[in-house]
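Here is the structure we will look at, set down as structure tokens.
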Amino acid sequence: NMSVGGSSYSASMETAVDYAHANNVVVVVCMMNTDNNTAYYPAAYTNSIAVGATGVDDKRVSPFFWSNTSGSNFGSHIDLVAPGSPIYGLSYNSNTNYNSYWGGTSQATPLVAGVVGLIKSLDPSLGVEAIRDVLKNTADDQVGNPSEDILGWDQYYGAGRMNAGAAI
């Protein structure tokens, strides 16, 4: 899971992602939260799995509750989306307050990474591209905003919203 991103290309980072891919390590990366189709890295590298965020209604989040200018990024490099807002969990400033929540592609991405771990536990021989295919082929298509979530792959939802049960 890589819940990070920047708009500047890095050959060193791409080499690291390619190395991971070549060694059957799945790199799952968030698309970022600027509500546009700007390519952020490492999500824009070919060998990473790029994840956008949906809300409780399965629509691409635009905007997130924390800023009117935010939203799940989209573009030609997106693979799929996953629930990303609101995600409840431990507060950033307390190790006992579980009544906290946040939203963003950084919350959606670990859900996909967790499902990847479950897939690998069931069949350790699967390579990165086989796992990408499982995620994309089992994603629920056309569950989001009908003006964005068209049949098949699209730039807003990729292959669709991850379906963990179908994937494993």
Within region 62-71, can one find any residue that is open to solvent by less than 30 Å² (accessible area, probe 1.4 Å) and in contact with a strand residue (DSSP E or B) (Cβ under 6 Å, 6 or more places away or on another chain)? no
Scope region 1-44; condition small (Gly, Ala, Ser) and open to solvent by less than 50 Å² (accessible area, probe 1.4 Å); matching residues: SER3, GLY5, GLY6, SER10, ALA20, ALA39, ALA43, ALA44
Can you find, within region 1-30, the residue that is nearest to ASP123 (Cα to Cα) among those that are touching a Phe, Trp or Tyr at 6+ places or on another chain (Cβ under 7 Å) and not polar (S, T, N, Q)? VAL17
Within region 128-141, can one find any residue that is at pLDDT 95 or above, touching a Phe, Trp or Tyr at 6+ places or on another chain (Cβ under 9 Å), open to solvent by 20 Å² or more (accessible area, probe 1.4 Å) and assigned to a helix (DSSP H, G or I)? yes
I need a count of the residues in region 142-168 that are closer than 23 Å to ALA20 by Cβ and either of a type in the set (Ser, Thr, Tyr) or open to solvent by less than 30 Å² (accessible area, probe 1.4 Å) (or both). 4
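The values are calculated or read from the model by the stated rules, or taken from the named source; none is laboratory data. Everything numeric here is computed off the predicted structure, so don't read it as measured data. Virtual Cβ from ideal backbone geometry, glycine too; neighbours counted across all protein chains shown. The protein model used for the area step is the full one, side chains on, heavy atoms only, and it has no ligands, DNA or RNA in it. Shrake-Rupley method; radii C 1.70, N 1.55, O 1.52, S 1.80 Å.
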